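Visitor: This structure is in structure tokens; I'll ask about it shortly.
The values are calculated or read from the model by the stated rules, or taken from the named source; none is laboratory data. Please read these numbers as outputs of a predicted model, since none were measured by experiment. A quick note on method: Cβ atoms are made from the backbone with ideal geometry, for glycine too, and the neighbour counts reach across all protein chains shown. Remember, those area values only see protein heavy atoms, side chains included, never the ligands or the DNA or RNA. Shrake-Rupley method; radii C 1.70, N 1.55, O 1.52, S 1.80 Å.
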Amino acid sequence: MRRFAPAMLGIALIAAVVTTAGAGVLRGELTFAGARVRGRHYDDAVVWIAQLPEAAERKLVQVRGRWPWSKSRPLVIPMPRLVETGHHYEPHVSVLVAGSAIEVRNQDEVWHGTFSVAPGGSFDLGKRPPGSVDTVHFQQPGVFAMRCDIHPDMSGWIAVTPNHAYARVDESGQWQLPSLPPGEYELHAWQPDRGETHVAVHVPAKGDTLIHLHW
């Protein structure tokens, strides 16, 4: 288990204000130093904001009405799904927000026994036949390793973020967070083989902030 602890690694940061896009957006690129990392699986990485003002979090989970006088409504967020298939977990890294749940579905032709012993995120689904569907709730943020007690080679991760200001990194290493109010924030990034890093960032009142994460 790897909690969202401030384990600071080497990091290169480049910040610049770009006025051609929406205001208050953090976006950038992630790269790894040194040797190749499992084929440089950038899309296994997650980027998030450690602490977010309550008003900003509420805005991220609401949909504005079509008209200025229309009321906002709650954003419907589908429950993430973790699939056991071909003796592996798909996706290898699942992401959800603290206080929410993930569906675990056995689409394999064999039994599985997914579990985690990580403090704050431990669970044990027991031995489950093909076709089984279970729901696991996570109340605390953290990064939790999971295994199968029937197939020791199966491993995966569940990253539970503290709020909705997070993003998956794409295959090319690019990422972008939702729009944020101007201010100072702590940006975290994590990847299974590289661990976690964090850096202080500034979101301006206008323009984007470009961040190059390298560790």
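Visitor: Taking K and R as +1 and D and E as -1, what net charge do the other residues with C-beta under 9 Å from the C-beta of L82 add up to?
Guide: My count for the surroundings of L82 gives -1.
Visitor: Would you mind calculating the gained length between F115 and S172 on full extension (0.36 nm times residue separation, minus the Cα-Cα distance), in nm to one decimal?
Guide: 17.4 nm
Visitor: Evaluate E = 1/(1 + (r/R0)^6) for D149 and V63, where r is the Cβ-Cβ distance and R0 equals 35 Å; express this FRET efficiency to the nearest 0.05.
Guide: Efficiency at R0 = 35 Å is approximately 0.25.
Visitor: Assigning unit charges at the beta carbon (Lys, Arg +1; Asp, Glu -1) and nothing else, what dipole magnitude in debye, to the nearest 20, does the range 90-163 show about its Cα centre?
Guide: Roughly 160 debye, rounded to the nearest 20.
Visitor: Counting Lys and Arg as +1 and Asp and Glu as -1, each charge on the Cβ, what is the dipole of the range 40-133 about the Cα centre in debye, to the nearest 20?
Guide: 680 debye
Visitor: When the solvent-accessible surface of protein heavy atoms is calculated with a 1.4 angstrom probe, in what order do I77, I158 fall, highest first? If you can, show how the numbers build up before the last one.
Guide: Working: I77 90, I158 5 Å².
Accessible-area ranking of I77, I158, largest first: I77, I158.
Visitor: Based on alpha-carbon positions alone, could you give the equivalent ellipsoid semi-axes of the range 86-215 from the gyration tensor, as √(5λ), descending, whole Å?
Guide: With the √(5λ) rule applied to the range 86-215, the semi-axes are 33, 15, 13 Å.
Visitor: For the range 110-181, would you read off the P(r) tail past 20 Å as a percentage of all alpha carbon pairs? Intermediate results must be reported in sequence, preceding the final value.
Guide: Details: 1163 of 2556 pairs.
Percent of Cα pairs beyond 20 Å in the range 110-181: 46.
Visitor: Right, something else. What does the charge add up to near T209, with Lys and Arg as +1, Asp and Glu as -1, over the other residues with Cβ less than 12 Å from its Cβ?
Guide: Once all neighbours under 12 Å are counted, the net charge is 0.
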